[in-house]
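Notes for the one structure printed next.
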Amino acid sequence: MPNQFIIAGIGTEIGKTLISAIFRQGMQADYWKPVQSGNPEEADALFIGQMTRVPEGKIWDSSYMLSQPLSPHTAAEIDGIRISLDHIQIPLTERSLIVELAGGLMVPLNESETNLDLIAHVALPVILVSKNYLGSINHTLLSYEILKAKQIPIAGIVFNGPANASGERFILQHTGLKVLLRVPELAQINPEIIQEYAQQIQF
């Protein structure tokens, strides 16, 4: 069976799309973002297509393409629609697949469901992306604990951005998660950089 994973962040602006590109490249995988909020002309899927070289792979259309860069439930309200998990069906592909979430785990999709429900609906293991900032240890551990409480498998963790050795050490001691990749703050991003880090993934 091909490797298929959900890329989930501990919050917004964590670098999920960058990490999705790296894993897509490394796995030669398809890519799918079920919900895209805002910037349809500059959607994350376009970045993925520009930054990765996967000749046989496919970038699947989002189930929901929302016009405003807001929380999905708010963006959907503005667009006059309601996000329904029944409308979100995982692509039927025999290839490896990277699925990128919109926002953090508890970001609402509608009046009662969140990204956590979407993860359970898609039923794939999670790659958790953490980024160092004041409060990020708390956010990382909370994300880990809620995934654990919901019995959602976690394939490992990625540390993105500036290093924090003591913070990372505490996170790993507490969670026991495997580090799949470390990506420093990058001065530039291009397909060659993506390929460089794709070769460093350690499952």
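Determine the relative contact order of the chain: mean sequence separation of Cα pairs under 8 Å and six or more apart, normalised by residue count, in whole percent.
Details: 383 pairs, mean separation 54.2, N = 203.
Result for the chain is 27 percent.
Not counting the cut sites, what is the longest span of the chain without trypsin sites (Lys or Arg not before Pro) that DSSP labels loop and that have at most 12 other Cβ atoms within 10 Å?
Details: sites that count: Lys150, Lys178.
Of all site-free stretches, the longest is 1-149.
Which GluC sites (Glu not before Pro) does region 118-203 hold that lie in a coil by DSSP with at most 15 other beta carbons within 10 Å? Don't skip to the answer; put the middle values down first.
Numbers: sites: Glu145, Glu168, Glu185, Glu192, Glu196; in loops: Glu185.
Here the GluC sites (Glu not before Pro) that fit, given the DSSP loop and packing criteria, are Glu185.
Applying the Karplus parametrisation 6.51 cos²θ - 1.76 cosθ + 1.60 with θ = phi - 60° to the phi angles of region 108-114, what ³J(HN,Hα) value in whole Hz is obtained for each residue in order, glycine and proline being reported as x?
Each residue's phi maps through the Karplus curve to give x, 9, 8, 5, 9, 10, 10 Hz.
Order these peptides, 27-34, 159-166, by their mean beta-carbon neighbour count within 10 angstrom, highest first. Display every interim value, and only then the final one.
Working: 27-34: 23.4, 159-166: 14.8.
Top to bottom by mean Cβ count within 10 Å: 27-34, 159-166.
How many angstrom separate the Cα center of region 120-149 from the Cα center of region 31-70?
22
Which number do you get for Rg(Cα) / (2.2 N^0.38 Å) in region 91-203? Don't jump to the answer; show the numbers that get you there.
On the way: Rg = 15.0 Å, N = 113, 2.2 N^0.38 = 13.3 Å.
Compared with the compact-globule rule of thumb, region 91-203 sits at 1.13.
Report, in debye and to the nearest 20, how large the dipole of region 1-121 comes out about its Cα centre when Lys and Arg carry +1 and Asp and Glu carry -1 on their Cβ. Working shown, then result.
Numbers: 7 positive and 15 negative charges, 85 e Å.
About 400 debye.
For a quick check: with amide H placed at 1.01 Å from N, whose amide H comes under 5 Å from Glu100's, ignoring anything fewer than 5 positions away on the same chain?
The answer is Ile7, Trp32, Lys33.
Each reported figure results from applying straightforward, stated rules to the coordinates on display, with no laboratory input. Quick caveat, the model's predicted, so the values are computed rather than measured. As a convention, Cβ positions derive from the backbone with ideal geometry for all residues, glycine included, and neighbour counts pool all protein chains shown.
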